[in-house]
1. Report yes if some residue within the range 319-331 is surrounded by 14 or more Cβ atoms within 10 Å (Cβ to Cβ), at pLDDT 70 or above and either aromatic (F, W, Y) or not in a helix (DSSP H, G or I) (or both); otherwise report no.
2. What number of residues within the range 161-173 are touching a residue at least 40 places away in the same chain (Cβ under 8 Å) and either aromatic (F, W, Y) or crowded, with 24+ Cβ neighbours inside 10 Å (or both)?
3. Among the residues of the range 126-140, are any under 30 Å from E285 (Cβ atoms), at pLDDT 90 or above, touching a helix residue (DSSP H, G or I) at 6+ places or on another chain (Cβ under 7 Å) and not aliphatic (A, V, I, L, M)?
4. Has the range 26-38 got at least one residue that is buried (at least 18 other Cβ atoms within 10 Å of the Cβ), outside the structural domain of A334 (by TED's automatic domain parsing) and modelled with pLDDT under 75?
5. Give the range 147-169 a look and list any residue that's at pLDDT 95 or above and under 23 Å from the mean Cα position of the chain (by Cα), or say none.
6. When residues of the range 276-291 are filtered for being over 23 Å from L151 (Cβ atoms) and without any contact (Cβ under 8 Å) to a residue 12 or more places away in the chain, how many remain?
7. Touching a Phe, Trp or Tyr at 6+ places or on another chain (Cβ under 6 Å), surrounded by 14 or more Cβ atoms within 10 Å (Cβ to Cβ) and modelled with pLDDT of 95 or more, is that true of Y120?
8. If I ask for residues that are of a type in the set (V, I, T) and under 30 Å from L56 (Cα atoms), which ones from the range 112-140 would you list?
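The values are calculated or read from the model by the stated rules, or taken from the named source; none is laboratory data. Worth saying up front: this structure is predicted, and the values here are computed from it rather than measured. Cβ placement follows ideal geometry from the backbone for every residue including glycine, while neighbour counts extend to all protein chains displayed.
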Amino acid sequence: MAFDKPEYGGIEFCNGGIRHFNLRSGARVPYNGDQTVWKEGTELHLRIPAIDQKKLFGLLPGFLACLVIALIAQVVVKLAPTVGAALFAIGIGMFAGNTFLNRPAFDTGTKFSESRLLEYSIVLTGMTLDLNDMLGVGLGGIGYILCQMALTITAAYLIGRRLGFGKKFVLLMCAGNAVCGSSAIGTVAPIVKSDAKDKGISITIVNVTGTALMILLPVLTGLIYGHEVLHTSAMIGGTLQSIGQVIASAEIVGGPVIEMSTIFKIIRIIFLVLVALTFSKLDTEEGASLFASHPKNDVHVKARVPWFIIGFFIFSVVNSLQLIPAPASAAAKAVSSQFEIIALAAIGMRVKFADLLREGPRAMLYGGLVGCCQILFALALIFLFFR
């Protein structure tokens with residue numbers, strides 16, 4: 001491989017990997033992974049990240065299973081187009097994930113498909129949206145989200161304490177239901193110093209509650225709002241726990257509800273930073289008042305806006321400036337749609353009925369009551385903010 005200034009140095013590929021060499025001396029040494037350095041009379045160092053083959057092969061079984069389920073869902077939907085590929089993907093995924101595909105070998109790939117593919121899909125969605133679409137929610141939309149989050153946190157805390165759950169576990173439930181599911185729980189867990197058991201149970205309950213609401217809300221919004229875009233999107237995007245559940249539920253409705261629901265959900269995710277900072281000021285010790293003065297929290301608050309939200313906004317701005325050609329925007333929409341269906345299949349596969357039975361009736365009652373409160377709050381707030 002040659003360079004414009006061959007007297008400085010070069011690299012070559014061999015069976016043993018990459019070697020760099022000094023063209024003046026002819027000396028060859030193994031590649032050591034340093035960053036690029038051009039220096040006369042010395043070798044060239046070039047950083048080329050290695051591919052973790054073990055990790056890659058670990059992803060394949062679960063990813064391929066989700067891909068096949070997504071393809072089947074898109075074929076089956078032609079027989080019943082009113083149902084939608086999203087619901088078929090989730091349903092087939094739940095069946096497969098609890099029967100013949102209920103094996104640990106699929107876990108890594110389904111987790112990747114559920115999280116990463118959905119994040120890529122959201123970024124690509126930014127290439128199809130205009131800033132005016134996002135501004136369409138207005139200050140009323142932001143006010144609605146803030147009120148919905150505050151009421152959800154309050155209700156989740158009061159219900160949880162009334163049912164006899166510990167303060168730290170209840171705060172995880174507050175964050176998971178109000179903001180963005182397991183991602184919010186993962187952010188808040190070290191802040192409130194919860195243990196692994198509380199974190200695991202709260203993630204399970206929040207995901208199960210969200211899965212149930214994911215199927216219920218399209219029916220409810222159809223009966224109440226006739227699937228009117230703004231009201232339906234506010235209900236779905238302002239209520240459901242994870243962004244995957246929001247997209248899945250919105251896909252059942254279809255049309256512009258998908259984009260608008262995503263915007264409402266993104267607003268909630270942005271406020272995760274505010275929730276994390278607020279929780280860092282609370283006294284999480286049992287027996288003490290939640291707002292009691294306490295020594296300064298020694299836990300560093302690590303909460304930031306996720307990368308895919310930033311990417312979404314950047315592409316939205318670029319698209320608003322009409323810098324993205326129409327064919328590229330159409331391609332992004334098509335790829336994003338496929339990523340969504342694969343991710344929804346993964347969401348279905350990761351819902352384990354055994355987890356529901358293991359947590360017991362009291363924990364499931366807690367999740368159900370919080371979900372009901374979220375719906376009631378959303379109905380009232382939508383009436384107030386979007387009349």
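1. Within the range 319-331, one or more residues are surrounded by 14 or more Cβ atoms within 10 Å (Cβ to Cβ), at pLDDT 70 or above and either aromatic (F, W, Y) or not in a helix (DSSP H, G or I) (or both).
2. 3
3. no
4. yes
5. Matches in the range 147-169: C147, Q148, M149, A150, L151, T152, I153, A156.
6. 2
7. no
8. Hits for the range 112-140 are I122, V123, T125.
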